[in-house]
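The values are calculated or read from the model by the stated rules, or taken from the named source; none is laboratory data. Given the structure is predicted, the values throughout are model-derived calculations rather than measurements. All Cβ positions, glycine included, derive from the backbone under ideal geometry; neighbour counts span all protein chains shown. Keep in mind that these areas ignore ligands, DNA and RNA; they rest on the heavy atoms of the full protein, side chains included. Shrake-Rupley method; radii C 1.70, N 1.55, O 1.52, S 1.80 Å.
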Amino acid sequence: MARVIVVTSGKGGVGKTTTATAFAAGLAQAGNKVVVVDFDIGLRNVDLVMGCERRVVFDFVNVIQGDANLNQALIRDKRVDNLCILSASQTRDKDALTEEGVERVIGELTERFDYVICDSPAGIERGAQLAMYHADDALVVVNPEVSSVRDSDRVLGLLASRTRRAEQGDEPVTEHLVLTRYSPSRVDKGEMLTVDDVCEILSVRLLGVIPESEAVLTASNAGIPVTLEAATDAGQAYLDAVARYLGEEREHRLPTQRKGLFGRLFGS
Amino acid sequence: MGILDAFRRKKKGNSAALAKDRLQVIIAHERSGANAPDYLIPLREEVLAVIRKYVAVDDEAVRMQIEREGDYEILELNVTLPESGSHAASDR
């Protein structure tokens, strides 16, 4: 049975698209059939981060409006087998998505794929609510920073009330926390919320901690999902998160500053 | 963290701890208000205005919240009056 996963955060710029693409590629690398759906109508970016921006002919809105079918709109990734993208439309406004249309397309995708990953737009308006509506699981992307944590709490409230599962009284959406842009050296100095702080405030199960990493920018510059750069810290952290999502026990390797005795006594 | 850090932290304060405290307060507040009906805020304002006709109270004196227990909804209204019989706007 296919799972629908929404990647959401409330706040913009915290790493939703990075997480959605990395997670999708990681799941596909593990042998699953995966599609990433870009819900950010008018501000699409999954295509660019995945490196297929020049191959978009038809998009999500075309499929909803019946101008194209899914076969025409799905873009196959050239590096990873079984990984596809359904791009958002760049020209039309958010009202181009209809509830019935989204339901039909998600329904068709769940018949073809093992995982349907919905990359939500920022905010908590209609676009974000449509992206989360059909979710079975949610990856809530948070930065260790006050505004991001607060916004995530609002999103958690919506996941518990404005989703199909909530409305139909089914098992609630399974929430997973993905803490991104984590800087262990700043945590050590007491300048940044710790992993435990964020988990305690939001009371959500931690799926992964992604360190602040140069690899994320480098990968997106080149249009490569960061899990394809498995040797990097961020790539490894996302692959660990994917493994945990798939049920594997993996310890959180928090990249703490390693210090000798001298460093611990007199370190900055 | 080192010995020197302990001194430094005392001086500069720990901004992460401050962030955590502030977040816990605001999130608890917002969660309690998240399920409240839209009329709760204007209702509170009007109740506050009525009370102020008789007693001088500050903005935080009236607290209202809705609690759900099974099929019931309970509207809880809390008014904190000033300590000693403080004279109100009633001499007007």
Checklist entry - Considering the dipole of the range A:31-112 built from charges on the beta carbon (Lys and Arg +1, Asp and Glu -1) around the Cα centre, which of A:LEU109, A:LEU86, A:VAL49 is farthest to its positive end? => result A:VAL49
Item to check | Lys pairs, chain A - Cα-Cα below 30 angstrom, 8 or more residues apart or on other chains | outcome: 11
Checklist entry - Under the Karplus relation 6.51 cos²θ - 1.76 cosθ + 1.60, θ = phi - 60°, what is the ordered set of whole-Hz ³J(HN,Hα) values for the range A:187-193, x standing for Gly and Pro? => result 4, 4, 7, x, 9, 9, 4
Checklist entry - Each residue of the range A:65-76 in order: what ³J(HN,Hα) in whole Hz does its phi give by Karplus 6.51 cos²θ - 1.76 cosθ + 1.60, θ = phi - 60°, with x for Gly and Pro? => result 8, x, 7, 8, 9, 4, 4, 6, 8, 6, 9, 7
Next on the checklist: Whole percent per 10 Å bin, from 0 to the bin with the longest distance: what is P(r) over all C-alpha pairs of the range A:62-128?
Outcome noted: 17, 54, 27, 2
Item to check | Label point 7 Å beyond Cα of B:ALA17 along Cβ direction - residues of the range A:195-211 with amide nitrogen under 17 Å | outcome: A:195-198
Item to check | Length-normalised contact order of chain A in % [C-alpha pairs under 8 Å, at least 6 apart] | outcome: 24 percent
Checklist entry - Can you list residues whose amide H is under 5 Å from A:THR174's amide H, if they're 5+ apart or on another chain and H is modeled 1.01 Å from N? => result A:ASP137, A:ALA138
Checklist entry - What is the calculated FRET efficiency for B:ALA49 to A:GLU53, with r their C-beta to C-beta distance and R₀ = 56 Å, to the nearest 0.05? => result 0.45
Checklist entry - Just by accessible area at a 1.4 angstrom probe, what is the order of B:LYS53, A:LYS189 from largest to smallest? => result B:LYS53, A:LYS189
Checklist outcome for this item: Among the range A:123-150, those whose backbone N falls under 19 Å of a label point 7 Å along Cα→Cβ from A:ASP95 are A:124-131
Checklist entry - How many percent of the alpha carbon pairs in chain A exceed a separation of 32 Å? => result 20 percent
Item to check | Spherically averaged projected area in nm², based on the convex hull that wraps the Cα atoms of the range A:159-223 | outcome: 6.3 nm²
Checklist entry - Around A:VAL204, what is the net charge, scoring Lys/Arg as +1 and Asp/Glu as -1 over all other residues with Cβ under 11 Å from its Cβ? => result -2
Checklist outcome for this item: Dividing the helical contributions, -39500 (n - 2.57) per DSSP H run of n ≥ 4, by the residues of chain A yields a 222 nm value, nearest 500 deg cm²/dmol, of -11000 deg cm²/dmol
Checklist entry - What do you reckon, how do A:THR18, A:THR8 stack up by accessible area (1.4 Å probe), largest on top? => result A:THR18, A:THR8
Checklist entry - What is the set of long-range amide H partners of A:GLY10 at a cut-off below 5 Å, with H atoms built 1.01 Å from backbone N? => result A:GLY123
Next on the checklist: Could you tell me the center-to-center distance, by alpha carbons, between the range A:91-151 and the range A:161-230 in angstrom?
Outcome noted: 16 Å
Next on the checklist: Amide H of A:SER89 versus every other amide H placed in the peptide plane: which residues, excluding those fewer than 5 positions away on the same chain, fall under 5 Å?
Outcome noted: A:GLY42, A:PHE60, A:VAL61
Item to check | Relative contact order of the range A:80-219, defined on C-alpha pairs under 8 angstrom at six or more residues apart (%) | outcome: 19 percent
Checklist entry - Near B:LYS53, which aspartates and glutamates are there with a Cα under 14 Å away, not counting those fewer than 8 places off in the same chain? => result B:GLU45, B:ASP91
Checklist entry - Taking each residue of A:156-164 in turn, how many C-beta atoms of other protein chains fall within 10 Å of its C-beta, and what is the average? => result 1
Checklist entry - Label-point separation (nm) for A:GLU248 and A:ASP67, each offset 7 Å from Cα along Cα-to-Cβ? => result 4.2 nm
Checklist entry - Applying the Karplus parametrisation 6.51 cos²θ - 1.76 cosθ + 1.60 with θ = phi - 60° to the phi angles of the range A:33-48, what ³J(HN,Hα) value in whole Hz is obtained for each residue in order, glycine and proline being reported as x? => result 8, 10, 10, 9, 10, 8, 8, 8, 5, x, 9, 5, 8, 4, 4, 6
Checklist outcome for this item: Any GluC sites (Glu not before Pro) in the range A:81-113 that lie in a DSSP loop and have at most 15 other Cβ atoms within 10 Å would be none
